[in-house]
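For reference, the structure discussed in these notes is given below.
Throughout, read-outs are computed from the coordinates displayed, never taken from laboratory work. None of these values were measured; they are calculated from a predicted model. When we count neighbours, we look across all protein chains shown, and the Cβ atoms used for this are built from the backbone with ideal geometry, even at glycine.
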Amino acid sequence: MTPAPRLIPQAGPSVWTGAALNPADWMVPIGTEAAAELEAALVALGGRVPAGPDDVALPCLAPVLRMVAERLEHGRGFVLLRGLDLGRLPGPAAEAALLVLGAHLGIALAQDEGGSLVGRLAGPGAGTGAPVRFHADPADAVALLCLRQPREGGRVTLVSAAALHNALLKSDRAALAALHAGLPHRHGRGETRHIPVFSTASGSFVGRYDRSALLEEALEEAQRGALAALDAAAAAPGQALSLALHAGDLLFLNPHLVWKQMAMGEVPAAEEAARELLRLWLATPGSRALPESFGAVFGTTAAGAPRGGVPQSGGMVGG
């Protein structure tokens with residue numbers, strides 16, 4: 001019999017509430033020279049996808065990206081770089097620029113069965129009928145680049161998984177225990193795997209919430225109640241941080257520590273350009289170990305290993 005998890009409070013900078021943060025805690029301004037440096041890097045690459053940081057020099061941005069990597073894994077788990085205006089670049093060039101930045105943080109992961117490394121997210125008004133919940137992408141780091149944003153529109157809301165863990169520890173220990181115990185997830189062709197929402201591996205906290213992958217019909221009543229308690233804790237006033245992205249914003253987050261919720265907003269007026277976001281998933285060399293059950297999602301769970309993304313015909317990156 002698997003022993004019951006030891007429920008203890010989490011500590012450190014990854015435990016935060018939106019109400020306690022100010023912009024200086026998560027926003028880093030980027031100067032105009034950064035965009036010029038990226039454009040020069042694209043010319044030097046000549047259309048190649050960079051294999052790693054040594055493949056493309058970024059004297060100005062590389063130190064900033066090293067700071068981003070440190071904050072993602074050992075800080076609050078998210079950083080927003082503001083001022084990187086790439087909207088004037090044609091579509092393929094903006095995607096290439098995002099891949100160049102990602103190469104300084106880790107390995108880009110496939111986002112669909114076709115192997116696409118950069119995803120373009122639906123614009124305002126899309127998918128408004130589905131419930132919007134916090135969730136974690138199958139990656140060690142996520143980058144969201146805002147190319148265009150209407151005057152009124154969607155927001156990205158972030159929440160600290162560790163802070164939610166602590167909130168439930170105070171308000172509903174039974175719900176927290178159920179979320180530690182593991183919930184049934186779809187896997188492969190008709191297979192079911194039990195994956196915890198909250199867990200630890202090699203002493204590090206790990207959170208994972210992907211409601212779309214849950215086998216809802218297999219959930220027990222106590223598990224449904226635990227998920228409802230989790231959603232209520234995330235919706236509590238002051239718990240989450242809601243950000244209105246501007247054109248030129250580049251948001252990085254560690255989905256093992258920070259979960260995101262995206263409300264795309266209403267369709268913009270006819271004279272306005274639709275919102276446009278690019279998304280990158282990364283496996284990072286400084287990542288934490290994951291619980292063994294996460295192998296169903298990531299392929300491998302070793303710290304720093306290439307892992308995650310959408311499985312390809314040859315298996316996952318870390319498979």
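For the chain, what's the relative contact order in percent, using C-alpha pairs closer than 8 Å and at least 6 residues apart? If you can, show how the numbers build up before the last one.
Working: 666 pairs, mean separation 93.3, N = 319.
In percent, rounded to a whole number, it is 29.
Report the full-extension gain for the segment ALA232 to MET67: residue separation times 0.36 nm, less the Cα-Cα distance, to one decimal in nm. Write out the running numbers ahead of the final one.
Details: separation 165, 0.36 × 165 = 59.40 nm, distance 3.31 nm.
Separation in residues times 0.36 nm, less the Cα-Cα distance, equals 56.1 nm.
Just rank PHE294, PHE252, PHE205, fewest to most, by other beta-carbon atoms within 10 angstrom. Working shown, then result.
Details: PHE294 23, PHE252 26, PHE205 19.
The order, fewest Cβ neighbours first, is PHE205, PHE294, PHE252.
Per residue of region 206-211, in order, report the coupling 6.51 cos²θ - 1.76 cosθ + 1.60 (Karplus, θ = phi - 60°) as ³J(HN,Hα) in whole Hz, putting x for Gly and Pro.
Working through the residues one at a time gives 9, x, 8, 9, 9, 4 Hz.
Going by average Cβ density within 10 Å per residue, which order do the peptides 174-185, 192-203, 35-46 take, highest to lowest? Walk me through the numbers before you get to the answer.
Details: 174-185: 20.2, 192-203: 17.7, 35-46: 15.3.
Final packing ranking: 174-185, 192-203, 35-46.
ARG211 to ASP112: FRET efficiency via 1/(1 + (r/R0)^6), r the Cβ-Cβ distance, R0 25 Å, to the nearest 0.05?
Working: r = 20 Å, r/R0 = 0.79.
With R0 = 25 Å, the Cβ-Cβ based efficiency is 0.80.
For a quick check: sort CYS146, CYS60 by the number of other beta carbons within 10 angstrom, fewest at the front.
With the sparsest Cβ surroundings first, the list reads CYS60, CYS146.
Beta carbons within 10 angstrom, averaged per residue: use that to sort the peptides 225-233, 276-284, highest first.
Final packing ranking: 276-284, 225-233.
Which value at 222 nm does the chain reach when only helices count, each DSSP H run of 4 or more adding -39,500 (n - 2.57), with the total divided by all residues and rounded to the nearest 500 deg cm²/dmol?
Working: 7 runs with 79 residues, N = 319.
It lands at -7500 deg cm²/dmol.
Return the label of the correct value of Cα extents along the principal axes in Å, as calculated from the structure shown, out of (i) 59, 42, 37; (ii) 68, 47, 31; (iii) 83, 52, 50.
Evaluating Cα extents along the principal axes in Å on these atoms matches (i).
Along its principal axes, what span do the Cα atoms of region 1-46 show, with the longest given first and each in whole Å?
If we take the Cα atoms of region 1-46, the spans are 58, 34, 13 Å.
With +1 on each Lys and Arg Cβ and -1 on each Asp and Glu Cβ, how big is the dipole of the chain about its Cα centre, in debye rounded to the nearest 20?
Working: 25 positive and 29 negative charges, 120 e Å.
The dipole of the chain has a size of about 580 debye.
In the chain, which whole DSSP H runs stretch at least 20 Å along their own axis (Cα) and average -0.5 or higher on the Kyte-Doolittle scale? Show your work: numbers first, answer last.
Values: long enough: 32-45 (21 Å, 1.09); 221-235 (21 Å, 0.44).
Qualifying helices: 32-45, 221-235.
Taking θ as phi - 60°, what are the ³J(HN,Hα) couplings along region 291-307 by the Karplus curve (6.51, -1.76, 1.60), each to the nearest whole Hz, with x for Gly and Pro?
Result, rounded to whole Hz: x, 4, 5, 5, x, 5, 9, 9, x, 9, 10, 5, 4, x, 7, x, 6.
Rounded, prolate or oblate: which fits region 1-100, taking a ≥ b ≥ c as square roots of the Cα gyration tensor eigenvalues, rounded meaning a/c under 1.5, else prolate when a/b beats b/c?
Details: a/c = 2.90, a/b = 1.88, b/c = 1.54.
Since a/c reaches 1.5 and a/b is larger than b/c, the shape of region 1-100 is classed as prolate.
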